[in-house]
Amino acid sequence: MTGENDKQKVCWYAMRDLSRRHAKSPAYKLLTEMGFEIFTPMTRRLTLRNGRRISKEEPFMQDLLFVHDSRERLNPAVAKIERLQYRYIHGGYCEPMVVPDADMARFIHAVRSSRLPRFFRPEEITADMCGQYVRIVGGNLDGYEGHLLSIRGSKFKRLMVTLPNFMTAAVEVQLDLIEVLE
């Protein structure tokens, strides 16, 4: 059972948005309007509208968003938005998934520092995709460590930054900032 301190603690909650892909007001927009700090990984997709191709920014995973606030303040919003739910830990009784602040800050910084990040679900990552283990020295991602994304024919070097159990982002890094650790 959650105590009062747990309800007042501010952290990153993983949430599920059950609205449809083309909904006019998805949960991440509603929560932003309500004043919550949210993060949802966005990608560009080409869509057809009236016979024209339009590049539109959409969430990478339609039903996934992260909200940074206390559970006490978030519960009324979840009750108000009927398509919004907490993501719960498997095997735990009504215990919402929480992402550590340091992991989330690292992931958000990496995604926002890249012009075109590529996202992967955990099941999409194979051993063949994980290249050399490197450290970034200098630039926006100074001190970041991880594997380089290894994809044939790629012109750019991309560092894989993982948000455990949710997704991996591959962000572009400059060749001269890479220090090989293996």
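What pairs come out if I take residues in segment 144-163 that are touching a residue at least 40 places away in the same chain (Cβ under 8 Å) and pair them with residues that are buried (at least 20 other Cβ atoms within 10 Å of the Cβ) and outside any strand (DSSP E or B) whose C-beta lies under 6 Å away, six or more apart or interchain?
VAL161/PHE107; VAL161/ALA110; LEU163/PHE107
Mind checking which residues of segment 24-36 are over 24 Å from ARG115 (Cβ atoms) and open to solvent by 40 Å² or more (accessible area, probe 1.4 Å)?
Within segment 24-36, LYS24, SER25, LEU30, GLU33, MET34, GLY35 qualify.
Which of (1) modelled with pLDDT of 90 or more; (2) under 21 Å from PHE156 (Cβ atoms) is the odd one out, the single condition ARG44 does not satisfy?
Of the numbered conditions (1) modelled with pLDDT of 90 or more; (2) under 21 Å from PHE156 (Cβ atoms), the odd one out for ARG44 is (1).
What's the number of the condition LEU163 fails, among (1) buried (at least 18 other Cβ atoms within 10 Å of the Cβ); (2) in contact with a strand residue (DSSP E or B) (Cβ under 6 Å, 6 or more places away or on another chain); (3) under 26 Å from MET15 (Cβ atoms)?
(2)
Read through the list (1) at pLDDT below 90; (2) open to solvent by 20 Å² or more (accessible area, probe 1.4 Å); (3) under 24 Å from PRO122 (Cα atoms), then give the number of the only condition that ASP6 fails.
Of the numbered conditions (1) at pLDDT below 90; (2) open to solvent by 20 Å² or more (accessible area, probe 1.4 Å); (3) under 24 Å from PRO122 (Cα atoms), the odd one out for ASP6 is (3).
Output the strands (runs of 3 or more DSSP E) that fall wholly within segment 37-141 and possess 1 or more residues being exposed (fewer than 12 other Cβ atoms within 10 Å of the Cβ), or say none. If you could, list the steps in order and put the result at the bottom.
Working: elements: 37-39, 42-49, 52-59, 64-70, 84-86, 118-120, 130-136.
The qualifying strands (runs of 3 or more DSSP E) are 42-49, 52-59.
Identify all residues within segment 158-167 that are modelled with pLDDT under 90 and in contact with an Asp or Glu (Cβ under 9 Å, 6 or more places away or on another chain); write none if there are none. Please lay out each step first, then the result.
First pass over segment 158-167, keeping only residues modelled with pLDDT under 90: 164-165.
Hit for segment 158-167 is PRO164, nothing else.
The values are calculated or read from the model by the stated rules, or taken from the named source; none is laboratory data. Not measured: the values here are computed from a predicted model. Every residue, glycine among them, receives a Cβ derived from its backbone with ideal geometry; neighbour counts consider all protein chains shown. Remember, those area values only see protein heavy atoms, side chains included, never the ligands or the DNA or RNA. Shrake-Rupley method; radii C 1.70, N 1.55, O 1.52, S 1.80 Å.
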